[in-house]
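Have a look at the structure below, then the notes.
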Amino acid sequence: MTDFRNKVVYQIYPKSFLDTNGDGLGELRGVIQKLDYLKDLGVDYLWLTPFYPSPQNDNGYDVADYRAVDPRYGTMEDLEELIREADKRGIGLMLDMVFNHTSTDHEWFQRAMAGDPEYKDYYIFRKGKPDGTPPTNWESKFGGNAWEYVPKFDEYYLHLFDVSQADLNWENPKVRQEIQNILKFWMNKGVKGFRFDVINLISKGSYEDDNQGDGRRFYTDGPKIHQYLEEMCSNTFGKDPSFITVGEMSSTSMEHCFKYAGADSGELSMVFSFHHLKVDFMGNEKWVLVPADFKKLKEILFSWQQGMSDHNAWNAVFWCNHDQPRVVTRFGDEGEYWKQSAKMLASVIHGLRGTPYVYQGEELGMTNAGFTNLSQYRDVESINHFQILRDKGMSEEAAYCILKEHSRDNARTPMQWDTSENAGFSSGAPWISMNPNYTRINAQSQVGDPDSIFSYYKALIRLRKEYPVIAQGDFAPVDQAHPQVLAYRRSLDGTQLYCINNFYRKPCRWRCPESLEGCRVLLSNYPDAKPGEEIELRPYESMILIRETK
Ligand code: GLC
């Protein structure tokens, strides 16, 4: 049985990874070209975001055919070659499965719209209220009401995301069967894992107006969610313990995650939860500007660490993905302490109990997009919400400032490989603007530099494999109430590992409530880190200490 505890996953957003044919879009052949770079970094799995045929209204999360490769990204032969070449380097592929919804271009939806009752039942069609308004007041995650009216049926269909992403009806056993068949299709191709997109939204509860919120309480972690996951798992990868699966859990609760990712529950290997990344939101409201709440960040991270551990369940641990702003901009420093803060943030994640995920470019300390013009944005969520803010009367400048911080496009600017034109990403015009800082932040300058952010990630990944205490140890917070230090202890069989981080630019003196006697420095972002009774922590200083019993 594969032990995921010492594994690390690298996420690739193919569109922005490497373009080898000059059309401005990255593709699968670009991933093949960079496999040696990924092997050098030391990652075990590559999670590829969707490359299936799609109108690309949500960059591929609007899937029109689950069993093919969009010609924009290459061919099935390219994918097979990628699987083989990755395998030669000890790297497995994880594919992104988007089963809460399909694109409205999908054949199933097309047949539904043609009036075929069998396929109409693949989706969620409902009559409006007697006054002709939508069946419920639920809001789409991308803004506006979540129901779209179809005059010819005098009915609405549900779309929790874009209007071109119609929600699937998981109540229908045929839909569940189709999904299992799709999973088997990819398993037969030799993929080693799946990431399930917003999978905890598939079981809708009752279709009622939500007078307290946007409707999410009626479909998040819904009534049949565990039944559906167990069924899907036991009929597919459940039989193969070496298969790795992660569920993206939107606004979930820890109690549900104990089951989703419980060692004995027969559902998934691990979960992404997002509460620790909402600390710069106002409640669930993302489109605001509020400073990150450090106390809350620690409370959430630590309570999930402990809770999941107590229930023998497993977390995916991460700061970044294609939906999140770049972490060095968000919680670190893009300026003077760029390098130190990027390394500190990496230590925090890679020392935790869970499987770390690295999002492309994170290992280089890539920063937020740095766009200067509204026309540079591509993301449907960002564009819709900009308009919503404007409609509420917010000035263009204020709305733009919010977009600059929170837009998903911050993570989607192309990989910065070198200092040549377009950072070596493409010889054509990139589909989305490059971050102009690629002349300073790029892989070429970091790969051979032992002091680079890249080398630091490499060291963290190696340490997880060398020290079982990192992969398997228990977790305990240390001095949780401290206003600027994030510290924790991991322990296993008499070995203790301390991860101590000054989360801020301001230096501070810190007295560890536990004795650090006998500890030595395993890794630090300063060359002369000194553990002691009272530690002088410099800007964003991070140290990982270990004490081993002889
Ligand atoms: C997930 C994806 C995101 C997408 C959404 C709808 O949250 O990560 O990119 O827009 O699901 O599929």
Open item on the list: Can you give me the long-range amide H partners of LEU168? Hydrogens built in the peptide plane at 1.01 Å from N, cutoff under 5 Å, separation of 5 or more residues or another chain.
Closed with: HIS101, THR102
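Express in % the proportion of alpha carbon pairs of the chain at distances exceeding 33 Å. Provide the component values of the computation, followed by the final result.
Numbers: 62174 of 150975 pairs.
Summing the P(r) tail past 33 Å for the chain gives 41 percent.
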Task: Taking the convex hull of Cα positions in region 1-74, its mean projected area over all directions (nm²) - done: 6.0 nm²
Task: Average accessible area per residue (Å²) across the chain - probe 1.4 Å, nucleic acids and ligands excluded - done: 37 Å²
- [ ] Against the globular-protein guess of 2.2 N^0.38 Å, express the Cα radius of gyration of region 402-466 as a ratio, rounded to two decimals.
- [x] 1.34
Task: Most positive-pole-ward Cα, CYS233, MET434, PRO468, against dipole of the chain from beta carbon charges - done: PRO468
Task: Coil-residue chymotrypsin sites (Phe, Trp or Tyr not before Pro) of region 148-230, DSSP, other Cβ within 10 Å capped at 16 - done: PHE153, TYR207
Task: Hz values of 3J(HN,Hα) by residue in region 262-270 - Karplus curve (6.51, -1.76, 1.60), Gly and Pro given as x - done: x, 4, 10, 8, x, 10, 10, 6, 6
Open item on the list: Please list, ordered by chain and number, the residues whose modelled amide H lies under 5 Å from the amide H of ILE244; skip anything fewer than 5 residues away on the same chain.
Closed with: GLY193, PHE194
Task: Loop-located GluC sites (Glu not before Pro) in region 391-433 whose Cβ has at most 15 other Cβ within 10 Å (DSSP) - done: none
Task: Under Karplus coefficients 6.51, -1.76 and 1.60, residue-wise ³J(HN,Hα) of region 380-385 in Hz, glycine/proline x - done: 4, 5, 5, 5, 4, 6
- [ ] Name the residues whose placed amide hydrogens come within less than 5 Å of the amide hydrogen of MET97, ignoring near sequence neighbours (fewer than 5 apart) on the same chain.
- [x] ARG195, PHE196, ASP197
Task: Inter-centroid distance (Cα atoms) of region 101-180 relative to region 451-499, Å - done: 46 Å
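Please compute the alpha carbon radius of gyration of region 259-349, then divide it by the globular-protein estimate 2.2 N^0.38 Å. Two decimals is fine. Working shown, then result.
Values: Rg = 14.7 Å, N = 91, 2.2 N^0.38 = 12.2 Å.
Normalised by 2.2 N^0.38 Å, the Cα Rg of region 259-349 equals 1.21.
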Task: Backbone HN-Hα couplings from phi across region 155-161 [Karplus 6.51/-1.76/1.60, Hz, Gly and Pro as x] - done: 9, 10, 10, 8, 9, 5, 10
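Need the full-extension length gain, ASP87 to SER420, defined as separation in residues times 0.36 nm minus the C-alpha distance. One decimal, nm. All intermediate terms of the calculation are to be shown ahead of the outcome.
Values: separation 333, 0.36 × 333 = 119.88 nm, distance 3.05 nm.
Here the segment from ASP87 to SER420 would lengthen by 116.8 nm.
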Task: Spherically averaged projected area in nm², based on the convex hull that wraps the Cα atoms of region 1-144 - done: 12.3 nm²
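Are there trypsin sites (Lys or Arg not before Pro) in region 127-215 that DSSP marks as loop and that have at most 16 other Cβ atoms within 10 Å, and which are they? Numbers along the way, then the final one.
On the way: sites: LYS127, LYS141, LYS152, LYS174, ARG176, LYS184, LYS189, LYS192, ARG195, LYS204; in loops: LYS127, LYS141, LYS152, LYS189, LYS192, LYS204.
Sparse-neighbourhood loop trypsin sites (Lys or Arg not before Pro): LYS127, LYS152, LYS189.
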Open item on the list: I'd like to know which of LEU389, TYR488, HIS406 lies farthest towards the positive end of the charge dipole of the chain, counting +1 on Cβ of Lys and Arg and -1 on Cβ of Asp and Glu.
Closed with: TYR488
- [ ] Mind jotting down a quarter of the surface of the convex hull over the alpha carbons of region 204-283, in square nanometres, one decimal?
- [x] 6.2 nm²
Task: Charge dipole (debye, nearest 20) of region 385-531; +1 at Cβ of Lys and Arg, -1 at Cβ of Asp and Glu - done: 240 debye
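Over the chain, what is the percentage of antiparallel beta bridges among all DSSP beta bridges, to the nearest 5? Walk me through the numbers on the way to the answer.
Values: 40 of 65 bridges.
Just about 60 percent of them are antiparallel.
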Task: Cα centre as origin, Lys/Arg/Asp/Glu Cβ charges: the chain dipole, Debye - done: 1200 debye
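The values are calculated or read from the model by the stated rules, or taken from the named source; none is laboratory data. Please read all numbers here as calculations on a predicted model, not as lab measurements. Please note: Cβ atoms are built from the backbone with ideal geometry, for glycine as well, and neighbour counts cover all protein chains shown. Protein only, heavy atoms only, side chains kept; ligands, DNA and RNA dropped before computing areas. Shrake-Rupley method; radii C 1.70, N 1.55, O 1.52, S 1.80 Å.
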